[in-house]
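Q: My questions all concern the structure below.
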Ligand SMILES: Cc1cc2nc3c(=O)[nH]c(=O)nc-3n(C[C@H](O)[C@H](O)[C@H](O)COP(=O)(O)OP(=O)(O)OC[C@H]3O[C@@H](n4cnc5c(N)ncnc54)[C@H](O)[C@@H]3O)c2cc1C
C-alpha cells in the first residue's frame, strides 16, 4: 500500500522537527519518520547557545524554561589545566538533556500537523521517488524528501554512497556524573583535553555532563583523554565508575555538503555536515537548516516546481556554510601545531578574544563580524597561512562503502 504526502522528513531531531513544523504549519501534508519512539536518548552535551535559543523561539515559539534548561553564566577556560580565565557574566548558556529537549520539539511538529511515524524501521530509501519503504512493507511517497537523520544519515548514504569519511570528522565521548552538592556551577572548557577539540563540563538540572571530543583521526585513544580529563575533577574511583557508562558518537564538524542534497532530496542538520568545528555546536544549525529546508519545500511546491527546492535551499543555506568556513579558519588557528600552545594561551587570555567568542555563542555576533583581516593577522602569529576550507563534494560518491558508526544516538 502506498501513502502519498507532499513531504517526507526522515529523522526527528532538531533539524527534522524544525523542517516538519515549518512545512506542516504552512499547510503541506508532511510525514515525519524516526526509528525511535520519543522521548529517546541522544548523546550530546546539550549546550544551547543564545543563537540556538533565538531559533527555538522563532521556529517553535518555545521559550527557555527552567524545567527544560539550567542556565549558566559562569565559564572557565583552560588549556591543559593551565587557567586562561573565569568569566563571571558570560552570556547565558542553557544546558539541557536531549531526551527531554528533542521530545518537546517532536511534539511541536506533531501539533503543527505532521503525521508521525515513530518508531519505524526503514528498509529502503529511494531518492528517485522520492519514496521510503518500511520494513513492514508500507510505502510512503512524496514530491520532496528531507533527510535529517543525523551524522550516520541513511538518506545521505542512499544519495552519495556514505554520509562522511570518518577521517574527516570528529568523535566525542561523554559520561554523566550525578549532580552532587551543587559542586559545578560553572561551564568548564579545556582547549587541550583532546587534540583538535576540547573537553567540557556542562552542569545540568539533574546531572553533570563531562565530555571530550576532537578530530577522529587525531585522537586514536579518546577514552584515555576522557579518563585523564575526568580525574582532574573526581577521584580515580569515581572516574572508574563513570567510565563504565561512557558513550561515544561522531559529529560532522569541519565538513559539510556544499550541495546539500540531490534531485528532490534535501539534507539538513548533521546529515548535511552543519556542525561548528570550533565549538562543536550543532543544534543551532540543525534548527536553522531544518527551517530553511522546510521553507524551501513549501515555496517550491506552492510555485508548482518541486524540482527548485534544492536550489532555493542551497541559496539560503550558503550563509551557514560560510560561517562554518570561517569557524574552520579559527579551528586551524587554535590547533594547527602543538608548538602553538603558548600562542593559544596568550591569545585566549585576552579578554577581547574571550568577549568575541562569547558574543558568537550568544548569537549577538557571527564569525563574519570578526573579519577576514583580523583572522589573517592572527594567523600570521602562527607563522603560516592557514586560510582555506575543505568541503565534502555534493554530487560525488565517495570511495568505499561503509559510513561512520553513528554511535549512541
Ligand atoms: C558527544 C556530543 C556532544 C555534543 N554536544 C553538543 C552541544 O553541547 N551543543 C550543540 O549544539 N551540539 C552538540 N553536539 C552536536 C549535536 O548533537 C548535533 O549537531 C545535533 O543533534 C544535530 O541534530 P540533527 O537533527 O541533525 O540530528 P540528530 O539530533 O542526530 O537527530 C537525528 C534523528 O534521526 C533519527 N534517525 C537516524 N537514522 C534514522 C533512520 N535510518 N530512520 C529513521 N530515523 C533515523 C534519529 O533517531 C534521530 O532522532 C554534540 C554531539 C555529540 C556527538
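No value in this document is a laboratory result; all are computed from the given coordinates. Only a predicted model underlies this, so the values are computations on that prediction, with no experimental measurement involved. Here Cβ is always computed from backbone atoms with ideal geometry, including for glycine, and neighbour counts include all displayed protein chains.
Q: Arrange the peptides 60-70, 95-105 so that the one whose residues have, on average, the most other Cβ atoms within 10 Å appears first.
A: In descending order of packing, they fall as 95-105, 60-70.
Q: Using C-alpha positions alone, give me the convex hull volume of the range 167-251 per residue in cubic angstrom.
A: Considering the Cα atoms of the range 167-251, their hull volume per residue is 85 Å³.
Q: Here's another thing I want to ask about it. Quick one: among 193, 24, 242, which has the greatest mean-square fluctuation in a GNM of the chain with alpha-carbon springs under 10 angstrom?
A: Result for the chain, Cα springs under 10 Å: 242 fluctuates most.
Q: Just to confirm the number: angle between the C-alpha axis of helix 222-231 and the first principal axis of the chain, 0 to 90 degrees, nearest 10?
A: Approximately 50 degrees, to the nearest ten.
Q: What distance in nm separates the simple spin-label points at residue 355 and residue 118, each placed 7 Å from Cα in the Cβ direction?
A: Taking the two extended label points, one gets 4.2 nm.
Q: Once you've got the GNM for the chain with C-alpha springs shorter than 10 Å, pick whichever of 129, 45, 314 has the biggest mean-square fluctuation.
A: Most flexible of the set in this elastic network: 129.
Q: With the convex hull built on the Cα atoms of the chain, state its orientation-averaged projected area in nm².
A: Seen from a random direction, the Cα hull of the chain projects 19.0 nm² on average.
Q: Can you tell me which of 37, 114, 194 moves the most in a GNM of the chain? Springs connect C-alpha atoms under 10 Å apart.
A: In the Gaussian network model the winner is 37.
Q: Turning to a different aspect of this structure: Could you line up 316, 281 from fewest to most neighbouring Cβ atoms inside 10 Å?
A: Lowest count first: 316, 281.
Q: So, one more: Using only Cα atoms and rounding to the nearest 10 degrees, what angle (0 to 90) does helix 372-381 make with the longest principal axis of the chain?
A: Roughly 40 degrees, rounded to the nearest 10.
Q: Please give the calculated 222 nm ellipticity per residue for the chain, where each DSSP H segment of at least 4 residues contributes -39500 (n - 2.57) and the sum is spread over every residue; nearest 500 deg cm²/dmol?
A: Roughly -11000 deg cm²/dmol at 222 nm, from the helical runs in the chain.
Q: Can you pull the one-decimal nm distance between simple spin-label points at residue 223 and residue 57, each 7 Å off the Cα toward Cβ?
A: Distance between label points: 4.4 nm.
Q: Give the span of the range 13-121's Cα atoms along each principal axis, as three whole-Å numbers ordered largest to smallest.
A: That works out to 53, 28, 22 Å along the principal axes.
Q: Let me know the Rg and Dmax you get for the range 245-340 when you use only its Cα atoms, in Å.
A: Looking at the range 245-340, its Cα Rg and Dmax stand at 15.5, 57 Å.
Q: I would also like to ask the following. Can you tell me how much longer the chain between residue 165 and residue 29 gets when fully stretched, taken as 0.36 nm per residue apart minus their C-alpha distance, in nm with one decimal?
A: Extra length available between residue 165 and residue 29 comes to 45.5 nm.
Q: What is the helix-to-structure angle for 50-60, meaning the angle in degrees between its Cα long axis and the longest Cα principal axis of the chain, kept from 0 to 90 and rounded to the nearest 10?
A: The two axes meet at around 20 degrees.
Q: Please work out the C-alpha center-to-center distance from the range 131-185 to the range 63-78 and express it in whole Å.
A: Cα centroid to Cα centroid, the span is 25 Å.
Q: Also: What's the FRET efficiency of residue 206 with residue 368 using the Cβ-Cβ distance as r and R₀ = 51 Å, to the nearest 0.05?
A: It comes out at approximately 0.85.
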